[in-house]
Amino acid sequence: MFEDVRSLGDNVYHLKVFYDATSGFYMTVSRFQATTYSDIAGYRNSSGNGEMAQYMRARSPGTRTVPSMKTSDGPAWIPARSQVVLGSLVLGFIACRTVTPASVVPIEGNDTSTTLSTLRTSYRLGNSDVSDANFPDFARAGKFVELQVEHAEGDFDQSLAGMERIVLDSVSFVGPVDVEADVAYSQASARFRYRRPLGQGFGVEAVGGLAVGTLALDVRSASQSASEEFRTYGLVFGGTMTQTPLAWLQLRAGIETSLLFVRDGEEMRAAALELSALVRVSEHVRLFGGWRALQLDVEFDRGSAPFLDASSVESTLSGVWLGLWLAL
């Protein structure tokens with residue numbers, strides 16, 4: 001049995017839909033006078049005394065005749081065709097109330113034409129090894145402390161199919177719909193860098209430290225928009241292979257990973273792949289440029305109920321990488 005209570009003005013309408021194998025579906029609608037919500041709730045949970053306003057019976061499948069439906073407010077009769085339409089609407093309403101909610105999907109997409117920027121300042125701990133005198137200053141062995149700031153942003157389009165939705169800042173975008181997303185990621189870190197030559201111009205570098213990052217998301221469709229910003233903290237570590245063919249030029253290939261914690265133990269992973277060239281401008285100034293890809297993977301668990309789950313983020317920003325390296 002399906003049961004629902006709705007109010008209209010001072011009237012309360014109580015709808016019941018029944019089914020049995022012999023008679024098929026049939027419905028009763030009772031009308032009551034009520035002026036407060038407590039009256040409505042009280043009737044919902046008890047049979048009460050009321051005026052039976054109307055009833056309908058739809059015979060079991062295969063029968064062509066459908067009896068009419070009569071109201072107690074007058075002699076008006078509702079045609080059989082209208083009864084069929086009304087019955088269909090009721091069954092459709094029941095189906096809508098029991099349909100499985102749209103599943104939450106990630107905010108995902110790539111931007112391959114973005115520009116990523118980095119500013120790095122490093123300070124050498126101790127003096128260079130005398131045996132490294134034949135190497136350029138930026139290729140000699142050493143230990144360094146450094147501060148680094150980096151920024152990347154991009155945008156992409158995402159299409160949601162039926163029964164899919166993304167949730168950001170408690171706003172749901174339910175498919176089928178096309179959305180546009182803007183992603184901006186900034187990170188500041190304090191690091192320790194270790195550099196060691198391997199001979200023949202080759203070398204390795206290892207880096208590790210603490211980082212603070214900010215992720216800003218903006219999602220919009222034709223009729224909705226939502227934005228949210230998250231500040232994170234955690235660890236950063238990575239390694240780089242270097243090759244120094246000239247006294248003023250160094251080729252670099254590296255990978256770097258940041259594990260940042262959002263809130264309540266949620267995790268953000270930012271992994272960067274770098275291919276670049278470092279150019280010595282002066283004793284203390286180096287410029288580097290090349291290509292960099294930054295993959296962002298974020299999980300936000302806002303609760304156990306489906307409508308409380310915020311969408312995760314899966315995005316890759318890649319493109320031209322430009323930076324300034326100041327050696328103190």
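The values are calculated or read from the model by the stated rules, or taken from the named source; none is laboratory data. As the structure is a prediction and not an experimental result, all values here were calculated from the model. Because the Cβ atoms are built from the backbone with ideal geometry, glycine has one as well, and the counts that use them run over all protein chains shown.
Odds and ends about this structure:
- Restricting attention to the range 198-228, the residues that are of a type in the set (A, V, I, L, M), over 18 Å from residue 152 (Cα atoms) and either touching a Lys or Arg at 6+ places or on another chain (Cβ under 7 Å) or outside any loop (DSSP other than H, G, I, E, B) (or both) add up to 6.
- Going through (1) modelled with pLDDT under 95; (2) over 20 Å from residue 268 (Cα atoms) one by one, residue 108 falls short only on (2).
- Residues of the range 136-172 classified as buried (at least 18 other Cβ atoms within 10 Å of the Cβ) and among the polar types (S, T, N, Q), total: 2
- Cβ pairs under 7 Å, 6+ apart, first in the range 204-226 and touching a residue at least 40 places away in the same chain (Cβ under 8 Å) and acidic (Asp, Glu), second in a strand (DSSP E or B) and surrounded by fewer than 17 Cβ atoms within 10 Å (Cβ to Cβ): 205/194; 205/239
- Of all positions in the range 113-135, none carries a residue that is in contact (Cβ under 8 Å) with a residue 40 or more places away in the chain and out of contact with any strand residue (DSSP E or B) (no Cβ under 7 Å at 6 or more places or on another chain).
- Checking residue 232 against (1) assigned to a strand (DSSP E or B); (2) surrounded by fewer than 17 Cβ atoms within 10 Å (Cβ to Cβ), the condition it does not meet: (2)
- Unique residue being modelled with pLDDT of 95 or more, more than 23 Å from residue 156 (Cα to Cα), of a type in the set (Gly, Ala, Ser) and surrounded by 13 or more Cβ atoms within 10 Å (Cβ to Cβ) when the list is 290, 254, 319: 254
- Lone qualifier among 198, 249 - being among the aliphatic types (A, V, I, L, M) and farther than 17 Å from residue 321 by Cβ: 198
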